[in-house]
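The values are calculated or read from the model by the stated rules, or taken from the named source; none is laboratory data. All values reported here derive from a predicted model rather than from experimental measurement. Counting neighbours? That spans all protein chains shown, and the Cβs are built from the backbone with ideal geometry, glycine included. Areas reflect the complete protein model, heavy atoms only, side chains present, ligands, DNA and RNA absent. Shrake-Rupley method; radii C 1.70, N 1.55, O 1.52, S 1.80 Å.
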Amino acid sequence: YGSTFEKSNDMFVWNAMWLTFVTMTTVGYGDHVPSTHAGRLVCAFATITGILIASLITAAIANLIIYTPQESAAISVIEREQSRVHLRAKAATIIVLWYRRCKRLPLSLRQERIDKYALRREFLEHKLETMQEVEDLQSMSNKIDKVTRRIKLIEGSVELVAQHLWSSD
């Protein structure tokens with residue numbers, strides 16, 4: 001009724017390579033398992049090596065995706081300039097619509113289709129982005145002023161030390 005189990009130790013290279021590949025990729029099908037202590041040790045080493053290789057590849061790819069500080073600064077400058085251009089365009093549209101309304105001039109078809117509330121919202125969004133730039137520049141100016149004051153303080157201290165050294169001669 002039952003079949004007898006025969007333990008075989010198949011020493012085929014392809015089976016060993018398949019076991020190592022499956023173990024290193026952390027899939028672990030279980031179709032091949034090591035039966036000796038040396039084989040288990042090799043599989044444990046292959047598992048740790050596979051995890052390390054996978055994590056290093058992931059870290060390298062993530063490192064390629066992240067912008068350098070110079071790239072981030074350049075992107076920020078480009079976005080701010082685009083926001084400034086959009087702000088001017090929205091402001092011009094608002095002024096034209098206001099002027100035509102005050103003078104009771106007819107609006108063109110394109111001007112009639114403009115959603116005034118959306119236009120106002122977009123204008124305010126671009127205005128906030130532009131104001132953020134002004135605040136950033138102001139904080140940068142404050143930082144430069146602090147550094148300048150520190151440098152002047154250090155310069156004054158160095159001059160006092162130099163005077164003290166030269167006057168003791």
Requested in this report: Kindly check whether there is at least one residue in segment 85-92 that is assigned to a helix (DSSP H, G or I) and touching a residue at least 40 places away in the same chain (Cβ under 8 Å).
Outcome: yes
Query - Among residues of segment 129-145, those that are under 15 Å from R88 (Cβ atoms) and in contact with a helix residue (DSSP H, G or I) (Cβ under 9 Å, 6 or more places away or on another chain), counted - result: 3
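Which residue, of A38, A54, A46, A60, is in contact with a Phe, Trp or Tyr (Cβ under 9 Å, 6 or more places away or on another chain) and of a type in the set (G, A, S)? Lay out the reasoning, then the answer.
Numbers: A38 fails: in contact with a Phe, Trp or Tyr (Cβ under 9 Å, 6 or more places away or on another chain); A54 fails: in contact with a Phe, Trp or Tyr (Cβ under 9 Å, 6 or more places away or on another chain); A60 fails: in contact with a Phe, Trp or Tyr (Cβ under 9 Å, 6 or more places away or on another chain).
Answer to the check: A46.
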Report task. Can you work out which of the residues in segment 27-48 that are part of a helix (DSSP H, G or I) and within 20 Å of W14 (Cβ to Cβ) is most open to solvent (accessible area, probe 1.4 Å)? Result -> F45
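Picking from L165, L128, which residue would you name as being without any contact (Cβ under 8 Å) to a residue 12 or more places away in the chain, surrounded by 10 or more Cβ atoms within 10 Å (Cβ to Cβ) and in a helix (DSSP H, G or I)?
Values: L165 fails: surrounded by 10 or more Cβ atoms within 10 Å (Cβ to Cβ).
Just one listed residue meets the conditions, L128.
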Report summary line: S76 passes all but one of the listed conditions (1) within 21 Å of the chain's Cα centre (by Cα); (2) at pLDDT 85 or above; (3) under 30 Å from M131 (Cα atoms); (4) open to solvent by less than 80 Å² (accessible area, probe 1.4 Å); the exception is number (2)
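So which residues in segment 3-41 are polar (S, T, N, Q), in contact with a Gly (Cβ under 8 Å, 6 or more places away or on another chain) and modelled with pLDDT of 75 or more? It would help to see each step written out before you state the result.
Our first condition is that a residue be polar (S, T, N, Q); within segment 3-41, this holds for 3-4, 8-9, 15, 20, 23, 25-26, 35-36.
The next check asks that each one be in contact with a Gly (Cβ under 8 Å, 6 or more places away or on another chain); those that pass are 23, 25-26.
Within segment 3-41, T23, T25 meet the criteria.
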Requested in this report: Kindly indicate whether any position in segment 150-161 is among the basic types (K, R), modelled with pLDDT of 80 or more, exposed (fewer than 10 other Cβ atoms within 10 Å of the Cβ) and assigned to a helix (DSSP H, G or I).
Outcome: no
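To keep it simple, each residue is scored yes or no on (1) closer than 30 Å to T25 by Cβ; (2) among the aliphatic types (A, V, I, L, M); (3) in contact with a strand residue (DSSP E or B) (Cβ under 8 Å, 6 or more places away or on another chain).
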residue	(1), (2), (3)
I57	yes, yes, no
A62	yes, yes, no
T130	no, no, no
N142	no, no, no
I151	no, yes, no
W166	no, no, no
